[in-house]
Each structure stands twice: as C-alpha cells, then as structure tokens.
Amino acid sequence: MSVEIRKAERGEEQRLTWIQRQAWSPETSPAPPRPSGESIFDGHVEAGNVLVADASGLAVGFSKLVPLTTSSPRLAGTGDHVQQLHGLSVLPDHRGRGIARMMLAAVRAESLRRGATRVTLRVLGTNQRAMRLYRAAGYEVEGRLRGEFRIGDRFVDEVLMALELSS
C-alpha cells in the first residue's frame, strides 16, 4: 500500500469530516463528532493547516496543525515558534499500518518548515494508544489537567504533550 501525505484542498471537507466521524470514540474526544454537513475547515483550521494521508489515492486520515498565534491572535509575536496539533484521525480499518507515524513525521517536517521550535498537543488520558504513538514520536508529557472532562459517568484527565524540534 502506497501512502502519501499532502496538504488538504478545498472541496474535500465532506470526506475528511466522514473520516473524523469514523475515527471518533469517547476515548479520543470529549466532544461528539461533527455533524455530517459541517466542515472541519472552520476559523483557524483552514485547508492549508490540514495534512491528509492518501492510501492508493484515497484519503484515509488527516491531522490539523495550527500555529499557536492563529488560535490566539492576541499572542502574535510571542508564540510564533509553536505549532499546535489539533487532532489526528485515521480510519479504523487503516490503523496499525504506520499511517499515523507518517503523519506525525509530516507534522514535524511542516512545523520545521514554518520555523517552529515546538509542537504541542492535548490528548485524553484514556487514549493510551495515542499517547504511546506520541511518545514513540518524541513527544513528552508536560502536564495533566486532572478531571478536565466528564465523559459518561467518569472524570477524564487531559494530558498536555510537546515535541521540542531541532533542525
């Protein structure tokens, strides 16, 4: 299977939203998946901030990489060195094939291209599979917001992780 990582294009919102819905679970996000008609390109998440994994020409996953100052414009000039990973989704039947690892390598490369020295992310403490993936890619836990979300009948931590980049 040939996999290519590329930037998203306008017009593929429906496919990417479908991927996100298929990949969603209460282990991966405290918020319900987006409705089918809603675009993942909203506000600070534009097509240029989405990296897509194509397997044999079909989109099977994506990640959203957003400059810190885009999501917090008042921080302009103070956080230009930080990129935020706002999610990574791979279709369940394509997991375990190294696609997420390839996407994280592309996130790293794109962050360096943008002049970043750091990539940050937030992950639910219940999402152990993602945390193992991020650790294997060099991300380290920098903090934990205990009981940040109530999912069903339990409180779930949000874990803050970061990757320090070197050129």
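Worth pointing out:
- Local net charge near Ile5, Cβ-Cβ under 14 Å (Lys/Arg +1, Asp/Glu -1): +3
- Residues Arg113, Arg15 arranged by fewest to most Cβ contacts within 10 Å: Arg113, Arg15
- FRET efficiency estimate (nearest 0.05) - Cβ-Cβ, Ser25 to Glu140, R0 22 angstrom: 0.35
- For a paramagnetic label modelled on Arg154 (point 7 Å from Cα along Cα→Cβ), amide N atoms under 20 Å away belong, within region 23-37, to 24-33.
- Other residues within the sphere of radius under 14 Å centred on the Cβ of Leu124, judged by their own Cβ, net out at +3 (K and R +1, D and E -1).
- Only DSSP H runs of four or more residues enter the estimate; each adds -39500 (n - 2.57), and after division by the residues of the chain the mean residue ellipticity at 222 nm equals -7000 deg cm²/dmol.
- Neighbour counting of Cβ atoms within 10 Å sorts the residues Leu145, Leu88, Leu165, fewest neighbours leading, into Leu145, Leu165, Leu88.
- Full-extension gain in nm, Arg74 to Gln128, via 0.36 nm per residue minus C-alpha separation: 16.1 nm
Every number in this text was worked out from the coordinates using simple rules, so none of it is lab data. Keep in mind that this is a model prediction, so the values were computed, not measured. Quick reminder, even Gly has a Cβ in these numbers, built from the backbone with ideal geometry, and neighbours come from all protein chains shown.
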